[in-house]
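Bear in mind that the values in this text are calculations on the coordinates, not laboratory data. For clarity, every value in this text was computed on a predicted model and none was experimentally measured. Here Cβ is always computed from backbone atoms with ideal geometry, including for glycine, and neighbour counts include all displayed protein chains.
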Amino acid sequence: MSVGVWWASLRDARAAAPLTALLDPVERARHEAIARADDRGRFLLGCALSRIALGELLGVSPAEVPLRRVCPRCGGPHGKPRLAAPHGSPFADVDFSVTHSGDVVGVAVARGANVGLDVEETGSGAALDVDTVAPVALTDAELAALNAHPPAERASAFLRVWTRKEAVLKALGVGLTVPLRRLEVSAPPLPPKVLSWPDQRTAPQAMAMADVDVVTGSRRLPATATAAATGATALRLHHHDGTAAVTAYATSPPPP
């Protein structure tokens, strides 16, 4: 299964003011309603990066990419963004996933599968209280494997397990409605794999995962990330410089 992954740095993209022109009315309303400037920036960059990545695939201007955001539970405009490809379109099988943490924003795009991407920034300087969060998020087996690591390595090991779980849940489209303690994944440094599902009756027939390098250009960003896709046994990752793509669009947007 081929998955395109785009990474961008919020800091590098701050000057990209023309990106607001890419927002549709629903996105613009959400953007304006976000109180914190950094959160607005992450939302804007996620929308822009999604449209640029999908526009390249569809062969259309980013502003012309048809997206919809419908919550499956309440019908509100805050659900997972999806490509609104018409019935019978050759792009009806395209799925994408947006993730952000701190300064890092990422988008994964796949065809013929549901895809999930999750990232956790590791260089913000904020201390992670692993002793508090791990018992809530990990199974007993995962917790035992985590505690086998030296104390100095436990934060990075926990984030690797966390992103693996989150990527799987995003690919399934269930978010955190599934208790994390009932989903078990392999521990680092083993290759990512789902070991136990909360409900085997509803588990997908196949789920492929891959740990992802978080890179823009030649610069590695301080973050941990994982991608997952349903219906696949292996992932082939194709990396794109999202920061360069967003900056290029912002400096030379297509004419209206």
Q: Hey, can you grab everything whose amide H is under 5 Å from the amide H of Ala223? Only 5+ residues off in sequence or another chain; H modelled, so Pro and N-termini drop out.
A: Thr122
Q.
Counting only other residues whose beta carbon sits under 15 Å from that of Gly217, what net charge do I get with K and R as +1, D and E as -1?
A. -1
Q. For the chain, with only Lys/Arg (+1) and Asp/Glu (-1) charged at the beta-carbon, what is the dipole magnitude about the Cα centre, in debye rounded to 20?
A. 440 debye
Q. For region 190-256 and region 81-150, what is the separation of their C-alpha centers, rounded to whole Å?
A. 8 Å
(Q) Please list, ordered by chain and number, the residues whose modelled amide H lies under 5 Å from the amide H of Val94; skip anything fewer than 5 residues away on the same chain. (A) Gly112
Q: Identify all lysines with a Cα-Cα distance to Lys80 below 17 Å; exclude those on the same chain that are fewer than 8 residues away in sequence.
A: Lys170
Q) Can you give the translational diffusion coefficient of the chain in µm²/s, computed by Stokes-Einstein from the Kirkwood radius over Cα pairs at 37 °C and 0.692 mPa s? A) 174 µm²/s
Q.
Quick query: amide H of Leu67 versus all other amide H atoms, modeled in the peptide plane; which residues come in under 5 Å with a sequence gap of 5 or more or a different chain?
A. Ala84
(Q) From Cα pairs below 8 angstrom and at least 6 apart in sequence, can you work out the relative contact order of region 2-251, rounded to a whole percent? (A) 24 percent
Q.
Per residue of region 112-119, what does 6.51 cos²θ - 1.76 cosθ + 1.60 with θ = phi - 60° give for ³J(HN,Hα)? Whole Hz please, x for Gly and Pro, Karplus curve as stated.
A. x, 7, 7, 10, x, 9, 9, 9
Q: Grab the other residues whose beta carbon is less than 14 angstrom from that of Val130, score K and R as +1, D and E as -1, and report the net.
A: -3
Q | Dimensionless Rg ratio for region 47-196, taking C-alpha atoms and the 2.2 N^0.38 Å reference | A | 1.19
**Q.** Degrees separating the helix 154-172 axis from the principal Cα axis of the chain, which is the longest one
**A.** 60 degrees
